[in-house]
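The structure under discussion appears below in the form of structure tokens.
The values are calculated or read from the model by the stated rules, or taken from the named source; none is laboratory data. What you are looking at is a predicted structure, and each value in this text was computed from that prediction instead of being measured. Glycine gets a Cβ as well: all are built from the backbone with ideal geometry, and neighbour counts include every protein chain shown. SASA here: full protein model, heavy atoms, side chains in, ligands and nucleic acids out. Shrake-Rupley method; radii C 1.70, N 1.55, O 1.52, S 1.80 Å.
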Amino acid sequence: MNRDRFPALHDGWARLDGPAGSQVVDSAIEAMAGWMRSSGSANHGGVFKAAHETDELVEGTRAACAALLGGEPAGIAFGPSFTALTMRFAATVARELKPGDEIVCTRLDHDSNVRPWVIAAERAGVKVRFAEPEPDTLELPASAVEAVLSERTRWVAVTAASNAIGTVPDLPGIVAAAHRVGARVYVDAVHATPHRRHDVAALDIDVLGCSAYKWFGPHIGVLCARPEILSEYRPDKLNPSPDEAPDRWELGTLPFEALAGVRAAAGYMLELDLEAVRAHEDALLAAALDGLGSMDHVTLYGAAADRAPTLMFNVAGRSSAETARALAEREIAVWDGNYYAWELERHLGLAPHGAVRAGFLHYNDAADAERLLAAVAELG
Ligand SMILES: Cc1ncc(COP(=O)(O)O)c(C=O)c1O
């Protein structure tokens, strides 16, 4: 779908590396170049025309991200990456933790939604408990989180989709269970956002984070929080920088040219028919799973009923890096190793070589899936 909107897709490669970063949509590329070329580019907070235009850009980008994620502009904060934002958020929250408090993480999450909490918890002297995925399917039902919740749980850090095996956890059930014991929920929607629409307000999520470079924009992280949460906590900041939320969560000057790209990419995402996207991606996933599943020399990991179109596998007798290199020789881009799904790699006993990951985005087509299958078949 929409391949002609992605200038980078014209070099003949099958780009199945979308989970590591999508290609950029034309409108975002043009918005970034246009911003830098325009005379509206300045710093924000000044009293002249270009500075006002920059203020409008920041506000407009917060509004676009709020519309995309179902939040409010006052709850949108930008940062260099989801990882950087989460490190800052967890460290800030940890100052309020008391002895005996607990944090819940999952074995399904990317390490950027695990290690910041583990580090912060260690500093605060509080315990981290892990929710384990179901042994056979690697699904994460609400019961897996409920098993490690207590009345001392303060935060639950959970993914909206695994960046390794695609599992979409039961987010509504997990949020409800966490709230029942008085805990707040921090959702990593980095992998999920190009595939699923999230509505932070409707789902009653406390904080959700994502990264625009996974949804066809530039490299920048986005937090979408309930505005009261950003106002309640006090991150480290400089004296003269704004003290109001969301600005006080942002360190230094924002990358305005990237914000222009984010605003355009959010606009593109809002125009996409995500039901059609889902049907298209599910068909690609089903074709790839059927094909790989029928090959004796392939082991597939994860079988969640609800999953993003991301699959993980190994080929007998080859490390994941060897398989990925063999696919690269055929101009097929996939990832190898653990892609920072560090807990899951250990949970599955796959360290240190991990597995191959191939992920579809809506701009992939049936030919990409067929090329993957033909190439992996040759490795048998
Ligand atoms: C699920 C998930 N969470 C977090 C991250 C980290 O995002 P960032 O690169 O913005 O720190 C990634 C990146 O691959 C991811 O896939």
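Each 10 Å bin, from zero up to the one with the longest distance, holds this percent of the alpha carbon pairs of the stretch 322-372: 24, 44, 28, 4. When the Gaussian network model of the chain links Cα atoms closer than 10 Å, the mean-square fluctuations of Met32, Met87, Met295 top out at Met295.
Each of Ala121, Ser38, Ala77 was scored by the projection of its Cα onto the charge dipole of the stretch 1-157, and the greatest displacement toward the positive side belongs to Ala121; charges sit on the C-beta of Lys, Arg, Asp and Glu. Residue by residue, the stretch 173-183 carries 3J(HN,Hα) couplings of x, 5, 4, 5, 5, 5, 5, 4, 9, x, 8 Hz when phi is fed to the Karplus relation 6.51 cos²θ - 1.76 cosθ + 1.60 (θ = phi - 60°); x denotes Gly or Pro.
Starting from the Cα gyration tensor of the stretch 144-200, take the square roots of the eigenvalues, sort them a ≥ b ≥ c, and report rounded, prolate or oblate (rounded when a/c is under 1.5, otherwise prolate if a/b is larger than b/c, else oblate).
prolate
Near the amide H of Ala131, within less than 5 Å, lie the amide hydrogens of Cys105, Thr106, Arg107, all on another chain or at least 5 residues away, with H placed in the peptide plane.
Ignoring aspartates and glutamates fewer than eight residues from Lys237 along the same chain, the ones with Cα atoms less than 14 angstrom from its Cα are Asp247, Glu250. Sorting 108-121, 360-373 by average packing, meaning the other beta carbons within 10 Å per residue, from highest down gives 108-121, 360-373.
Carbon-plus-sulfur fraction of the accessible area of the stretch 27-271, 1.4 Å probe, in percent? Carbon and sulfur together cover 54 percent of it.
Heavy atoms of the protein chains alone define the surface here; on that basis the stretch 108-261 has 36 Å² accessible area per residue at 1.4 Å probe size. Straight-line reach from Lys127: which lysines have Cα under 21 Å away, leaving out those fewer than 8 places along the same chain? Correct list for Lys127: Lys98. Where does the chain land at 222 nm, in deg cm²/dmol rounded to the nearest 500, when only DSSP H runs of n ≥ 4 count, each adding -39500 (n - 2.57), divided by all residues? -11500 deg cm²/dmol, from helical runs alone. Based on the alpha-carbon gyration tensor of the chain and its eigenvalue square roots a ≥ b ≥ c, which shape applies: rounded if a/c is under 1.5, prolate if not and a/b is larger than b/c, or oblate? It comes out oblate by the Cα gyration axes.
Listed by chain and number, the aspartates and glutamates whose C-alpha is less than 14 Å from the C-alpha of Lys214, apart from same-chain residues fewer than 8 away, are Asp17, Asp188. For the stretch 82-118, trypsin sites (Lys or Arg not before Pro) meeting the loop criterion (DSSP other than H, G, I, E, B) and having at most 15 other Cβ atoms within 10 Å: Arg95. Shown here for the stretch 31-78: chymotrypsin sites (Phe, Trp or Tyr not before Pro) in loop regions (DSSP other than H, G, I, E, B) with at most 15 other Cβ atoms within 10 Å, namely Phe48.
The charge dipole of the stretch 1-110, taken about its Cα centre with unit charges on the Cβ of Lys, Arg, Asp and Glu (plus for the first two, minus for the last two), comes to roughly 160 debye.
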